[in-house]
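Colleague: Handing you this structure, nothing more for now.
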Amino acid sequence: GDDANGVSVSHTYMQSGLFTITLYATDPNGCTDSAFRVVNVITPVFQIDLSNLTCIEQNGYIRFNADIQNLSTVTITSMDIESWISGTQPALETWMGNLYIGNTLHYESAYQIQMIDDAPLCCMRIGTATGILNDTVFNKTICVPLKNEFRVLPPFPNPSIDESSINIIAPLTGEAFITVSNMRGEVVSEQSLILHPGVNTVSINTIFYTAGIFQVAVYYKDERQQVRLMVIHH
């Protein structure tokens, strides 16, 4: 607990919980009275959910729509929202308003991005957001395919030191088989997994690979696609 004298006092709470504030007043005759109030202190937590991204093409340009839900314990008053398609620089828009706790914002971009032939993905990211008390960095990203067809995208990061990832676009749910081979054709690792419709991100642990060039082959239904991965070490 804490106590203070004066007309206007302040106290900083270091944890969440219910706390009782009691006011004691004494008149010149020495008579004392008191009043109290219980306050609920909540530690500010920032969390959002970014979902239902749609990228609508019209006359060669893409417009972005998505749902942003505030799962924080504070109201969000502004957000930096970036949108892009593969091969373009992100377009930045700052949304301002009051996104209250638990509410969902249906965001529609005020801008359009020119479509690029054969671009595989469109993406959106929530960067910095401002709440009632302070700022936080989300870096919450979602991507959806522009075409509903099987495709294996280049690995990232590439070159890889200890781990790399690949995005696999699948039109339907189905089993996939992934092999990693060196330039002599020797398989150094393999894995099987279930792909779901949309973008599937798969991690490849390269920490035990020798430095060199590797072929990553993905087998899905009756199709096969491969990408090249470079591994380097410090």
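Colleague: Can you pull out the strands (runs of 3 or more DSSP E) entirely within region 85-143 that have at least 3 residues that are of a type in the set (Val, Ile, Thr) and surrounded by 12 or more Cβ atoms within 10 Å (Cβ to Cβ)? Give the steps one after another, and end with the answer.
Modeller: Numbers: elements: 91-99, 104-108, 121-131.
By residue number, 121-131.
Colleague: Another question, if that's okay. Could you tell me whether region 1-12 includes any residue that is at pLDDT 85 or above and either of a type in the set (Ser, Thr, Tyr) or more than 19 Å from the chain's Cα centre (by Cα) (or both)?
Modeller: So far as region 1-12 goes, no, none of its residues is at pLDDT 85 or above and either of a type in the set (Ser, Thr, Tyr) or more than 19 Å from the chain's Cα centre (by Cα) (or both).
Colleague: Mind counting the residues in region 182-234 that are outside any strand (DSSP E or B) and on the phi > 0 side of the Ramachandran plot?
Modeller: 2
Colleague: Right, something else. Among the residues that make up region 189-205, is at least one of them more than 20 Å from the chain's Cα centre (by Cα), within 30 Å of Thr43 (Cα to Cα) and of a type outside the set (S, T, N, Q)?
Modeller: no
Colleague: Only residues that are closer than 18 Å to Phe177 by Cβ and loosely packed, with under 14 Cβ neighbours inside 10 Å: list them for region 205-225, please.
Modeller: Matches in region 205-225: Asn205, Lys221, Asp222, Glu223, Arg224.
Colleague: Now for a separate question. Before we move on, is Ile116 of a type in the set (A, V, I, L, M), touching a residue at least 40 places away in the same chain (Cβ under 8 Å) and either touching a Phe, Trp or Tyr at 6+ places or on another chain (Cβ under 9 Å) or farther than 15 Å from Gln47 by Cβ (or both)?
Modeller: No; evaluated as a whole, the condition is false for this residue.
The values are calculated or read from the model by the stated rules, or taken from the named source; none is laboratory data. Only a predicted model underlies this, so the values are computations on that prediction, with no experimental measurement involved. All Cβ positions, glycine included, derive from the backbone under ideal geometry; neighbour counts span all protein chains shown.
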